[in-house]
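Novice: Can you read through this structure? Questions will come right after.
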């Protein structure tokens, strides 16, 4: 393996690694704009220039590969390559490059939404000059819409071409290109094909400066006001890793989080803008009981007592409906309570999209179908006929949420029931047919584990506080369980639920949030419960 | 080692005190005839020196565009978190595409440190010479964008109190 | 005593009483104004022209205020104490001559309410009664601050009354009489016949002792705000507090009048024989008395806003170890001088 020396560090690397990668892995900072690990290397920004001994000029480290030198040409008798990243020449060169990049940059950081996470800002501060020698008028161009969700501010653009490469290599749609040449060059979308694919939101993320902006977030807030919570997207069964940016009890934006086992560096716009569905919902924040056709708020004690009175009847047949929108723990708890037929509402299918790069949007738009079937093994295929057969008169429903539409078959079944308990967060069609509504958390308020369709268990972390009197789903089910059976196991936190679940389903044995970590854990190869 | 400092040795005249007493009496007597420095506050108003940090204002351009671009540097710099800004796309045509939809300052929280003024990249927020804006309710001490712009109109020429004075002397 | 004589006495009492009360009011205003001027301020200037009605406003305020009598006080004494303090303070002025004799309705009327032949003793006695007011107020308040204030006041008065009395004795030696009229008559003439020239040491001792007697700074230990909240009047409010207040100023007036009488020739106008000028002479003598008194009242206020308060041990040390011996020596010298001159 070639032996590389960067500054004073000796590094042994694979043949074919770039100098930039070798430096990054070993904690040496080389600034860069156009390089992106998921995209082809072009070396157009010139920010990552380093000095390679033996070469007459400075080299772009992102596009300089480490190779093996013949023994007689090794430097100091052992190094295949010697690189300087912090000598005077490189430092001066970085200053010059930044001065060029900033020639036409408007320096409008106060109005720019990238400010705070802008590489141009950071590198100017760290490596740049405090002033420019450019006396002429700056080139000023108006903003343009590249697609319905993406605006480009040409003044801020440094033409790194990350966005162009993204549309060519990841989405494969090739809407973007560089128009004109030289000083007039700018990023543009094809006239008859605007940037409107379902991955378009990613170009705003990968833009290292504030040129590409998502209309969803533009002029909404400032990045340092937001808190970042690593979580998992809940809009399809792929389970993309995301960072949720929120302020107080409002989500401002979602960005993809790197996870090579799930989504790589990107996410789709369905998930990215999906959180808006849950804003300004008419939330149910207290337990409700129906009497004479209208709902009235009741206390938790009363709601649980009423539920347990009915469900605890001798010889009562109770059906349970678990939900692929809920966490493993919630579904597991309901499975423990219900002894009658258990099933789920019909799957809602959507179009499956697979992009050129292999990025996939699943046809199943529920996040946890795999996990639900893992922890509720006795799920019935045909719950409808089984309910009829067994003459079930009571039903406990974990509501799928506001996306669920009920077909006529189910409406009829629900109408027939004597007693319906619905655990939900909003007044959905299901909730309207309930006798008792128990308020739980909405998506982005839930905590627990979910399993994606590839069998990877991931940690779903709450970003927002729960509203009103609503309680965690597992906690509600535990209260019901305790009311039905005084000797039931007492869980004090969700970790104990996970432990209990692991004991009953060996595939989930030994799970903990700590073990899952930010990237989750694959179930493949584990015993299947 | 302790150093012994020779203490003051009182003379005979010091010991009988009377000259010292007379000296003291003369000091107060001198002050009795000196010019009085009291300012009769509600009648005449103290004109604060240049750089006084009083009530905030939001500046405007001559074409009436508010200078603020809602960058929130002031609220980031604020040590007591008293500035609340809601940004939005600017309704004016021109280069600055952002402006504050809401700009609220909690004057009860504010400690008038002037950090906001220093942090502002657009010279939009400034502390003026106005110091007497006390009021009876908490609500009336939450100043919003319109209020801050009104303060700008009042203090445009940096002569708030002297103008008030001349107006009073006219009437 | 005939009817006319009785009426004259009554008129004199009324005039003196009214004058004293008026002076008290004027003093309150003067005190606030002078202290403000000495501190670079303006002082009260809102009520009436230049604020001269301020004391009236203060008085009304005191009258309107709620009169609080705390639950655990000794009620009769608590109510009586301000009166015990105020009444002797007002009575003391009775023996002080404030002008030369006036001839009206064919008879010679002395401008003095009562020409008591033990005038000095009468004054010393009454000022001593005043201290009862303070001690009783402090004690009946059932409050540690008040009690401390009262006790301090008692100790202080005893200490300084001695020095004061001894200083006065040297004057009595010179005049050969306890009658204030005689003492004034003894000083008639020109400046050098005033006792302040003859007895400068006695004057200084007497002056310092009057400050202690009236509980004024630098000797206001009995009400030292920083230590004792309000001293003996901590628990008093409304008109009762106002009575303490008035008593303090009445005492000041008496003390100033006494100082003038004993050391500055009383109503004497230097180099003028008032008796030979008729009514003009009387008027001059009264004006002269008022002016001299005004100066000493001003001095009271002036000193208050100039000097800090004594520490308690310093106060006692000054009283017993400095003033008393000096006063005794002064008497010794005076008496020795008198006996030697008598022999010669």
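The values are calculated or read from the model by the stated rules, or taken from the named source; none is laboratory data. This structure is a prediction, so every number in the text was calculated from the model and none was measured. Positions of Cβ are generated from backbone atoms using ideal geometry, with glycine treated the same way; all protein chains shown enter the neighbour counts.
Novice: Quick check on my filter: what residues within segment C:309-335 are part of a helix (DSSP H, G or I) and out of contact with any helix residue (DSSP H, G or I) (no Cβ under 7 Å at 6 or more places or on another chain)? So that I can check it myself, show each step before the final result.
Specialist: Looking only at segment C:309-335, we keep the residues that are part of a helix (DSSP H, G or I), and these are C:312-335.
The answer is C:313, C:314, C:317, C:318, C:321, C:322, C:325, C:329, C:332, C:333.
Novice: Another one. May I ask you to verify whether residue A:108 is within 14 Å of chain B (Cβ to nearest Cβ) and within 27 Å of residue B:85 (Cβ to Cβ)?
Specialist: Yes.
Novice: Condition first: under 16 Å from residue A:335 (Cβ atoms) and touching a residue at least 12 places away in the same chain (Cβ under 8 Å). Can you find one or more residues in segment A:347-360 that meet it?
Specialist: No, segment A:347-360 contains no residue that is under 16 Å from residue A:335 (Cβ atoms) and touching a residue at least 12 places away in the same chain (Cβ under 8 Å).
Novice: For segment A:209-234, name all the residues that are in a loop (DSSP other than H, G, I, E, B) and either within 14 Å of chain B (Cβ to nearest Cβ) or in contact with a strand residue (DSSP E or B) (Cβ under 6 Å, 6 or more places away or on another chain) (or both).
Specialist: Those that are in a loop (DSSP other than H, G, I, E, B) and either within 14 Å of chain B (Cβ to nearest Cβ) or in contact with a strand residue (DSSP E or B) (Cβ under 6 Å, 6 or more places away or on another chain) (or both): A:210, A:211, A:215, A:216, A:217, A:218, A:219, A:220, A:221, A:222, A:226, A:233.
Novice: Still on this structure, I have one more. List pairs: first in segment C:19-42 and more than 10 Å from chain B (Cβ to nearest Cβ) and free of Cβ contacts under 8 Å to residues at least 40 places away in the same chain, second outside any helix (DSSP H, G or I) and surrounded by fewer than 18 Cβ atoms within 10 Å (Cβ to Cβ), Cβ under 8 Å, 6+ apart or cross-chain?
Specialist: C:29/C:52
Novice: Report yes if residue B:28 is in a helix (DSSP H, G or I), free of Cβ contacts under 8 Å to residues at least 24 places away in the same chain and either within 25 Å of residue C:45 (Cα to Cα) or away from chain A (no Cβ under 12 Å) (or both), otherwise no.
Specialist: yes
Novice: Looking at B:35, B:53, B:57, which one is in contact with a strand residue (DSSP E or B) (Cβ under 7 Å, 6 or more places away or on another chain), assigned to a loop (DSSP other than H, G, I, E, B) and more than 14 Å from chain A (Cβ to nearest Cβ)?
Specialist: That would be B:53, the only listed residue that is in contact with a strand residue (DSSP E or B) (Cβ under 7 Å, 6 or more places away or on another chain), assigned to a loop (DSSP other than H, G, I, E, B) and more than 14 Å from chain A (Cβ to nearest Cβ).
Novice: OK, next. Would you confirm whether or not segment B:24-41 contains a residue that is over 30 Å from residue C:33 (Cβ atoms) and either surrounded by 14 or more Cβ atoms within 10 Å (Cβ to Cβ) or within 17 Å of the chain's Cα centre (by Cα) (or both)?
Specialist: no
Novice: Moving on to the next point. Just give me the residues in segment A:139-153 being within 11 Å of chain B (Cβ to nearest Cβ) and in a loop (DSSP other than H, G, I, E, B), in sequence order.
Specialist: A:140, A:142, A:143, A:153
Novice: State all residues of segment B:80-100 that are under 20 Å from residue A:109 (Cα atoms), touching a helix residue (DSSP H, G or I) at 6+ places or on another chain (Cβ under 9 Å), surrounded by fewer than 20 Cβ atoms within 10 Å (Cβ to Cβ) and more than 9 Å from chain A (Cβ to nearest Cβ); if no residue qualifies, say none.
Specialist: Scanning segment B:80-100 gives a single hit, B:84.
Novice: Given the condition more than 14 Å from chain B (Cβ to nearest Cβ) and assigned to a loop (DSSP other than H, G, I, E, B), answer yes or no: does some residue in segment A:272-279 qualify?
Specialist: Yes: one or more hits.
Novice: Hey, another quick one. For segment A:127-186, which positions are within 32 Å of the chain's Cα centre (by Cα) and over 17 Å from residue A:203 (Cβ atoms)?
Specialist: Selection gives A:155 alone.
Novice: Report, by residue number, each residue of segment B:123-142 that is in contact with a helix residue (DSSP H, G or I) (Cβ under 6 Å, 6 or more places away or on another chain) and within 14 Å of chain A (Cβ to nearest Cβ).
Specialist: Once the filter is applied, which keeps residues that are in contact with a helix residue (DSSP H, G or I) (Cβ under 6 Å, 6 or more places away or on another chain) and within 14 Å of chain A (Cβ to nearest Cβ), segment B:123-142 yields only B:125.
Novice: Can you tell me how many residues within segment B:65-76 are away from chain A (no Cβ under 11 Å) and touching a helix residue (DSSP H, G or I) at 6+ places or on another chain (Cβ under 9 Å)? Steps first, please.
Specialist: Step one: filter segment B:65-76 for residues away from chain A (no Cβ under 11 Å), giving B:65-66.
Keeping just the survivors that are touching a helix residue (DSSP H, G or I) at 6+ places or on another chain (Cβ under 9 Å) gives B:66.
The total comes to 1.
Novice: Right, another one. Anything in segment A:470-516 that is touching a strand residue (DSSP E or B) at 6+ places or on another chain (Cβ under 7 Å) and surrounded by fewer than 19 Cβ atoms within 10 Å (Cβ to Cβ)? List them, or say none.
Specialist: Listed by number, the residues that qualify are A:513, A:515, A:516.
Novice: Give segment C:43-62 a look and list any residue that's part of a helix (DSSP H, G or I) and within 14 Å of chain B (Cβ to nearest Cβ), or say none.
Specialist: C:50, C:51
Novice: Output the number of residues of segment B:1-18 satisfying the condition of being part of a loop (DSSP other than H, G, I, E, B) and within 19 Å of residue C:205 (Cα to Cα). Please lay out each step first, then the result.
Specialist: Residues of segment B:1-18 that are part of a loop (DSSP other than H, G, I, E, B), as a first pass: B:1-11, B:16-17.
This time we only want the ones that are within 19 Å of residue C:205 (Cα to Cα), so: B:16-17.
Total satisfying the criteria: 2.
Novice: Same structure again: Looking at residue A:309 and the list (1) in contact with a helix residue (DSSP H, G or I) (Cβ under 9 Å, 6 or more places away or on another chain); (2) surrounded by 15 or more Cβ atoms within 10 Å (Cβ to Cβ), which single condition is not satisfied?
Specialist: Single failed check for residue A:309: (2).
Novice: Would you mind listing the helices (runs of 4 or more DSSP H) fully within segment C:221-308 where at least 3 residues are modelled with pLDDT of 85 or more?
Specialist: Answer list for segment C:221-308: C:238-263, C:279-304.
Novice: Moving on to the next point. Do we have any residue at all in segment A:160-174 that's more than 20 Å from residue A:269 (Cα to Cα) and more than 13 Å from chain B (Cβ to nearest Cβ)?
Specialist: yes
Novice: Assuming residue A:427 fulfils every condition listed in (1) surrounded by fewer than 24 Cβ atoms within 10 Å (Cβ to Cβ); (2) closer than 18 Å to residue A:387 by Cβ apart from one, which condition is it?
Specialist: Failed condition: (2).
Novice: Right, something else. If a residue counts only when it is over 26 Å from the mean Cα position of the chain (by Cα), which helices (runs of 4 or more DSSP H) contained entirely in segment A:426-529 have at least 2 such residues? Quick ask: steps written out before the conclusion?
Specialist: Details: elements: A:429-432, A:473-484, A:494-504, A:513-516.
Counting at least 2 such residues, we get A:429-432, A:473-484, A:494-504.
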